[in-house]
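Engineer: The structure that follows is given in the form of structure tokens.
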């Protein structure tokens with residue numbers, strides 16, 4: 001994921017604390033005898049990842065590469081009713097990169113206090129059986145389908161926000177979340193700073209704002225649930241950091257049911273996005289209207305049996321830009337990609353922009369310690385005049401066609417020590433289609449092979 005736009009120096013409660021105390025403070029939290037107190041909980045994880053790629057499909061990077069990632073997370077929670085104090089430290093680093101390695105703030109964010117908030121239990125705000133809570137500070141957000149705002153666990157870093165969040169639920173299962181936040185801009189974002197894992201406090205300011213809400217409820221008499229959300233994202237130029245001056249509104253509608261043994265499951269989600277954006281990063285660039293769409297459909301069936309096999313058919317379509325004065329490329333904002341489309345990391349080629357991707361998925365879980373899935377997706381461009389998703393490959397003439405290729409994606413996980421140590425292997429094979437072979441800036445390096453090994457310890 002590309003680095004997010006610049007934000008001004010944070011103000012007030014969001015000002016940078018002394019960086020020197022972060023590691024000692026984390027060590028003290030882990031070692032303190034107060035851990036025996038039920039009100040204080042400390043947990044975390046350490047993930048070591050090796051990834052390698054050949055036939056890089058993205059424009060402007062090396063044909064083959066390999067990278068070692070290390071992500072360490074320490075989470076501390078302290079509860080004194082009705083308040084809960086939360087702090088979470090991320091340390092994300094890589095080794096083995098070079099100037100042609102596609103590393104960004106999606107891979108590196110050293111010693112960052114991603115979460116630092118207080119949550120208040122507001123009690124039965126809507127009457128008996130209801131509950132509500134309010135949190136303020138720095139926090140992560142997972143909303144609805146997670147396709148616009150998500151905590152992306154596959155990525156080596158994560159997205160987080162600073163502001164306010166209100167959660168409300170009634171006794172009938174209906175829930176609502178409302179928020180007003182300033183997205184954290186991960187820093188540093190230059191190659192030297194990333195390569196050296198330089199510690200620089202992430203920033204937030206009113207140069208970049210997102211707010212909105214989501215309401216969800218179960219459908220009475222069925223396993224289905226529905227939700228609808230509104231997300232506004234706005235940005236403006238800051239000194240040394242030009243932007244596309246996006247002012248985007250997204251409204252979503254979704255109906256879905258979760259997988260269950262011996263039953264069908266399904267999902268249908270529609271997102272419409274509108275607003276304005278500028279035609280380039282130039283300060284004098286013209287502003288144009290935005291009208292973009294996304295659709296996700298899924299039908300699956302979970303077969304009975306000890307392996308818990310599940311077969312699902314999926315379809316994703318995110319609009320791309322075409323002719324005319326209206327900008328129609330769908331913007332995924334802060335959404336995840338791994339669960340629907342493919343992994344990030346060195347691959348990071350297929351996201352929720354200018355893509356049409358039907359697919360089939362097979363999942364198995366032979367035991368509590370083992371699970372795996374495999375997917376196959378043929379892929380097309382929604383608009384042959386626009387770039388393919390996040391590859392940077394484009395043919396503005398449209399003469400390279402729209403077929404991008406065949407993607408095979410698989411993952412297997414095994415708990416070496418239940419709930420403590422997990423081994424994960426991922427792999428992608430992309431058989432490139434006409435577009436990725438003939439577009440003017442397409443890398444001419446053959447089909448793409450991407451492999452990943454993860455070893456994660458939890459405490």
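Engineer: For residue 220, which of the numbered conditions (1) closer than 28 Å to residue 270 by Cα; (2) in contact (Cβ under 8 Å) with a residue 12 or more places away in the chain; (3) in a loop (DSSP other than H, G, I, E, B) fails to hold?
Structural biologist: Evaluating residue 220 over (1) closer than 28 Å to residue 270 by Cα; (2) in contact (Cβ under 8 Å) with a residue 12 or more places away in the chain; (3) in a loop (DSSP other than H, G, I, E, B) leaves (2) as the failure.
Engineer: Another question, if that's okay. Residue 129 versus (1) over 13 Å from the mean Cα position of the chain (by Cα); (2) outside any strand (DSSP E or B); (3) surrounded by 21 or more Cβ atoms within 10 Å (Cβ to Cβ): which is the lone unmet condition?
Structural biologist: All conditions pass for residue 129, except number (3).
Engineer: Tell me whether the stretch 344-365 contains one or more residues that are modelled with pLDDT under 95, farther than 23 Å from residue 147 by Cα and either over 23 Å from the mean Cα position of the chain (by Cα) or surrounded by fewer than 22 Cβ atoms within 10 Å (Cβ to Cβ) (or both).
Structural biologist: Within the stretch 344-365 (the criterion being modelled with pLDDT under 95, farther than 23 Å from residue 147 by Cα and either over 23 Å from the mean Cα position of the chain (by Cα) or surrounded by fewer than 22 Cβ atoms within 10 Å (Cβ to Cβ) (or both)), the answer is no, since none of the residues qualifies.
Engineer: A further question on this structure: Name the single residue, out of those in the stretch 173-211 being part of a strand (DSSP E or B) and touching a residue at least 60 places away in the same chain (Cβ under 8 Å), that is farthest from residue 93 (Cα to Cα).
Structural biologist: Residues of the stretch 173-211 part of a strand (DSSP E or B): 175-183, 185, 203, 208-211.
From what is left, the residues that are touching a residue at least 60 places away in the same chain (Cβ under 8 Å) are 182-183, 185, 203, 208, 210.
Values: 182: 24, 183: 21, 185: 17, 203: 19, 208: 26, 210: 27 Å.
Going through the qualifying residues, I end up with 210.
Engineer: At pLDDT 95 or above, more than 25 Å from the chain's Cα centre (by Cα) and either under 19 Å from residue 114 (Cβ atoms) or exposed (fewer than 13 other Cβ atoms within 10 Å of the Cβ) (or both): is that true of residue 84 in this structure?
Structural biologist: Working: at pLDDT 95 or above: yes; more than 25 Å from the chain's Cα centre (by Cα): yes; either under 19 Å from residue 114 (Cβ atoms) or exposed (fewer than 13 other Cβ atoms within 10 Å of the Cβ) (or both): yes.
Criteria met by residue 84.
Engineer: Kindly indicate which of 169, 160 is out of contact with any helix residue (DSSP H, G or I) (no Cβ under 9 Å at 6 or more places or on another chain), within 22 Å of residue 225 (Cα to Cα) and buried (at least 16 other Cβ atoms within 10 Å of the Cβ). Working first, answer last.
Structural biologist: Values: 160 fails: within 22 Å of residue 225 (Cα to Cα).
Answer to the selection: 169.
Engineer: Here's something else I'd like to know. Condition test on residue 199, is it at pLDDT 95 or above and out of contact with any helix residue (DSSP H, G or I) (no Cβ under 9 Å at 6 or more places or on another chain)? Even if it seems obvious, please write down each step before you answer.
Structural biologist: Working: at pLDDT 95 or above: yes; out of contact with any helix residue (DSSP H, G or I) (no Cβ under 9 Å at 6 or more places or on another chain): no.
So residue 199 does not fit the description; no.
Engineer: Continuing with the same structure: Being part of a strand (DSSP E or B) and modelled with pLDDT under 90 is the filter here, so list the residues in the stretch 231-248 that pass it. Give the steps one after another, and end with the answer.
Structural biologist: Of the residues in the stretch 231-248, the ones part of a strand (DSSP E or B) are 231-235, 238, 241, 247-248.
Matches in the stretch 231-248: 238, 241.
Engineer: What number of residues in the stretch 148-163 are in contact with a strand residue (DSSP E or B) (Cβ under 7 Å, 6 or more places away or on another chain), in a loop (DSSP other than H, G, I, E, B) and closer than 18 Å to residue 213 by Cα?
Structural biologist: First, pick out the residues of the stretch 148-163 that are in contact with a strand residue (DSSP E or B) (Cβ under 7 Å, 6 or more places away or on another chain): 148-150, 156-163.
Retained after the next criterion (residues that are in a loop (DSSP other than H, G, I, E, B)): 148, 150, 156-160.
Now drop any that are not closer than 18 Å to residue 213 by Cα, which leaves 148, 150, 159-160.
Of the residues in that region, 4 qualify.
The values are calculated or read from the model by the stated rules, or taken from the named source; none is laboratory data. From a predicted model like this one, the values you see are computed outputs, not experimental measurements. Every residue, glycine among them, receives a Cβ derived from its backbone with ideal geometry; neighbour counts consider all protein chains shown.
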